[in-house]
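Have a look at the structure below, then the notes.
The values are calculated or read from the model by the stated rules, or taken from the named source; none is laboratory data. Being a predicted model, the structure only gives us computed values, none of them experimental. Here the Cβ positions follow ideal geometry from the backbone for every residue, glycine too, while neighbour counts run over all protein chains shown.
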Amino acid sequence: MNILIPFLSGFTAAAIGVLPPGLINMTAAKVSLTDGRKRGMMFVLGALIIIFIQTYISVIFADYINSHQEIVDLLRKIGLVIFCLLSVYFLFFAKKPHIKSDDENEHLKSKRSRFFLGMLISAINFFPIPYYVLVSVSLASFHLFTFETWSIYSLVMGVVVGSFAIFYLYVVFFNTMKSKTDYFIQNMNKIIGVVTGLVALITLWNVAKFHF
């Protein structure tokens, strides 16, 4: 099988999954706006490392995880609690972000801290695991993917590259439009809070559906 097919399939799946506003891409945009594009890209790099690990695990254990829905249910419950807490934090407790001046930029947190923040935010997002389990199983059913080493790495790298492309668009777009996004900046925390709240509701629906 041509390794290009799993790569393109992974790229497409990642683009579809990451393009809608979500916790990672919205936080990447926030970091880019408040701390600068370089730190925004460091955040993205940290997130991509976790996405690589999550996707690889998802594909490797796709057959097992897919046949043991209690594991997926447990991950959803953990995600539900985390996203509910994040929604409350961003809606009611987080401070309003603002763009740093040149003088303030000298005192910003290090790039390393943004890198680890990206890893943390990505790590608490459990949705890639069931999502890429479904993607890999579906592709295999259409004979577009096989659970062989070269095919697995091709799919995973496609996911990483696709995720990077969308994150990059978020970082560059919002950073370029900085002068025209005052309203967006002032309400960034509320936007992220609404996004995490919607994700929590979707997760709650999935958990309820599994039990009833």
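Brief remarks on what is shown
- Region 149-174 - residue that is closer than 15 Å to residue 30 by Cβ and surrounded by 19 or more Cβ atoms within 10 Å (Cβ to Cβ) and, of those, modelled with the highest pLDDT: 167
- Contact map, region 1-30: first residue under 21 Å from residue 133 (Cβ atoms) and among the aromatic types (Phe, Trp, Tyr), second residue at pLDDT 85 or above and assigned to a helix (DSSP H, G or I), Cβ cut-off under 6 Å, separation 6 or more or different chains; pairs are 7/154; 7/158; 11/158; 11/161; 11/162.
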